1. Given springs between every Cα pair under 10 Å in a Gaussian network model of chain B, which of B:ILE204, B:ILE239, B:ILE352 has the largest fluctuation?
2. What's the Cα-based Rg to Rh of segment A:59-150, Rh via Kirkwood?
3. Would you please give the FRET efficiency between B:LEU36 and A:ALA3, computed as 1/(1 + (r/R0)^6) with r the Cβ-Cβ distance and R0 = 60 Å, to the nearest 0.05?
4. Take the cross-link list A:LYS202/A:LYS256; B:LYS24/B:LYS370; A:LYS131/A:LYS202; B:LYS19/B:LYS41; A:LYS131/B:LYS148; A:LYS116/A:LYS262 and give me the ones stretching past 20 Å between alpha-carbons.
5. Can you give me the pair-distance distribution of segment B:152-249, C-alpha pairs, 5 Å bins, whole percents?
6. Explain nothing, just the number: relative contact order of chain A, from Cα pairs under 8 Å at least 6 residues apart, as a whole percent.
7. Between B:GLY225, B:GLY273, B:GLY400, where does the largest GNM mean-square fluctuation fall for chain B, given springs only between Cα atoms within less than 10 Å?
8. What share of Cα pairs, in percent, lie more than 25 angstrom apart in segment B:258-412?
Amino acid sequence: MSAQTVDVQGRKIALLRTGKGAPLLYLHGFADIHGASAGPMPFHDRLATSFDLIAPAHPGCADSDERDDLDSVQDVVEEYIDLVDALGLESFHLAGSCVGGWVAAAMAVRQPERVKKLVLIGPTGLFVSGKPIGDIFWVAQPEDGIYYNDLRRMLFAGADSGVGKTLFPDGRGEIPQEMLRYRMFRFASQVGFTPPYLYDRKLRDQLHRYTGPALILWGEHDHMVPQDHGKAYAEGFPHAQLRVVPGAGHSVAAEKPDETAKLMAEFLRG
Amino acid sequence: MQPAQFFCWHFMAYPYLPKDFDEKYESGWVTVPNKLWDSEKSDDLYQEYIDQLVYSEELGFDGMVLNEHHQNVYGLMPSPNIIAAALTQRTSRSKIVVLGNLLPLHLNPLRIAEEYAMIDMMSHGRVIAGFAVGGGPEAFNYNLSSAKSRRRFWEGIDLVVRAWTDDGPFEHEGPNYPLRYVNIWPKTKQKPHPPVWIPGSLSIETMEETAKRGFDYFLSSRVHGAATRAAANRFADVIKAHGGTYHPFRMGVLLSVYVSETDESARAEASEGVWYFLRNCLKGHLRRIGRTQTFGPGIPSQSVRSWEQYLRNSNPGEDRLGDAHSWEELDAGGSIIAGSPATVRKRLWELIELAGVGNFLIQFHFGNMKAEYARKSMRLFAEQVLPELRKDSAALFARGYPQLAEIAGAGR
């Protein structure tokens, strides 16, 4: 396992690279490595038993350089294309959670020929009329200055989720963990706060370009991205299946690491 | 001899909230349901608030202060320029301070350059042009990425100032607001351009950018006494580092005042409005209880460096101004000063002596305060507090800042 940084066009991208097997580029969400956890979580460890897991931190997250010209998810996609070029990856499996799932979807339609198989876990990114993505920025503002019940309710199956309380505790956490989360919110604000809200209205009509196999995983109790978005993704890709993970909220990989890694490994190896 | 300047700041609060507002709603901002707006009761509201500002000119204040807020009960001026335009027609001497136009909320900064120029011409050169990034509520109100706002902000200000001062048409090449033809009509009355004030809440970046451009800084956090002094020292250091010289008129502070005949009557008369202001108007803003939209991880406008500094120096469980438990606590805090003319004079003088700041922007009307009380307080302030503070501050500043006499435009 190694935490490393890669220089891409003069910018530093931090990444975790661990495990052996087919290369798997994994793009993180909030309750995730680089988003709220400094190191790998059980989900990443499980994946590393079967894959060469490459998990970069989004621009500005963890130790990746912040970009003051970051405007949209397209900018992130271009950055990651430079990254996989720099790593010499001709083709690879691609996966992502939440905002990272959105980036992964946008990357798959941008360079479909390089993506062997695609896994999206509770991805944002689509516009589904009448089914808005929850406002994670609003609930990131604590209740009475100290409680993050609404944030945990949005990110997990419930406000008292154990992993939720570890990653997003009430009150003031340790500064490094607070800063990790702050950087993630800052990144998300840059690509997804200004309208449109965590989605790209045009993405849906581009999904057809990625013709490889796609697995869309959704938490049964996702309170952030309505399951209709999962259906829309599954319908938009020519070869996609939607699987609902029982008992999980939005952060499927954090809440159900074993099941999620198993479903992914079966799909990617099959 | 340049005395401290005293401005009358009106927030224009919505005064007709139900009594159980605080129990029922998490915020007075953004999500506060607008079914609570009563058009009938509010028919005369703007008229009364404008009249109070006009009255401040009659009383001899140095200026009137307006600001921009959206979708809230704290301040009913989504467009302060509209009120400023009205004031140009009702007043003739007093400065019109717009503190400020929230630049990133506007599609194009050119519109702000144009409107300020109009107001400056309409007022015969009385505008003080403020620019602000907009706090957290405005990020939600206009769905504006707060992380991006700051970089748009300074580009926008530089564009506005250049539009005022450079001959057009010229091309602006900035990444956020590329414009082929910048050539505003009208231009400003004041030359080279109206004074520019930038509000900030102690962030070093804002002070640096302000000092770099020779603008004046307005401390919008409600900190007082020693904290104001510390802020003034900090800004003075930043100015010095950029080759400038600090003097008291480079900086302003916000405070709230209520004056009555006696300390007892001041408290009795101000209480209702003050508590309405604290519990309702500050809910979602300067209150811990509820959900604040002013500052926090969901509004990541602070640079990573500033945020880390904030985390190290703050306690999220701490009560804020709007959470005050008693009048005594408020009194000790120093952000809201209420009392007899002698009491208010004494406390303001302590602040002036301590802080070395020359611009005092004072809120006289609180929440649902009756107009007659706000007017009485303003009148007593003007008649019994202002003259002595002016005299004493002029002498103090002349002693402390002898170079002031040579600085054109400092303290008008």
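The values are calculated or read from the model by the stated rules, or taken from the named source; none is laboratory data. Values in this document were obtained by computation on a predicted structure and should not be read as measured data. Note that each Cβ is placed from the backbone with ideal geometry, even for glycine, and that neighbours are counted across all protein chains shown. Note: areas computed on protein heavy atoms with side chains; ligands, DNA, RNA excluded. Shrake-Rupley method; radii C 1.70, N 1.55, O 1.52, S 1.80 Å.
1. Between B:ILE204, B:ILE239, B:ILE352, it is B:ILE204 that shows the largest mean-square fluctuation.
2. Working: Rg = 15.9 Å, Rh = 15.2 Å.
Ratio value, two decimals: 1.05.
3. Working: r = 52 Å, r/R0 = 0.87.
It comes to 0.70.
4. Values: A:LYS202/A:LYS256 31 Å; B:LYS24/B:LYS370 24 Å; A:LYS131/A:LYS202 16 Å; B:LYS19/B:LYS41 16 Å; A:LYS131/B:LYS148 26 Å; A:LYS116/A:LYS262 18 Å.
Exceeds cut-off: A:LYS202/A:LYS256; B:LYS24/B:LYS370; A:LYS131/B:LYS148.
5. Percent of pairs per bin, in order: 2, 12, 20, 18, 17, 13, 10, 5, 2, 0.
6. Numbers: 583 pairs, mean separation 57.5, N = 270.
21 percent.
7. In this elastic network of chain B, the residue with the biggest mean-square fluctuation among B:GLY225, B:GLY273, B:GLY400 is B:GLY400.
8. On the way: 5506 of 11935 pairs.
Considering segment B:258-412, 46 percent of its Cα-Cα pairs are separated by more than 25 Å.
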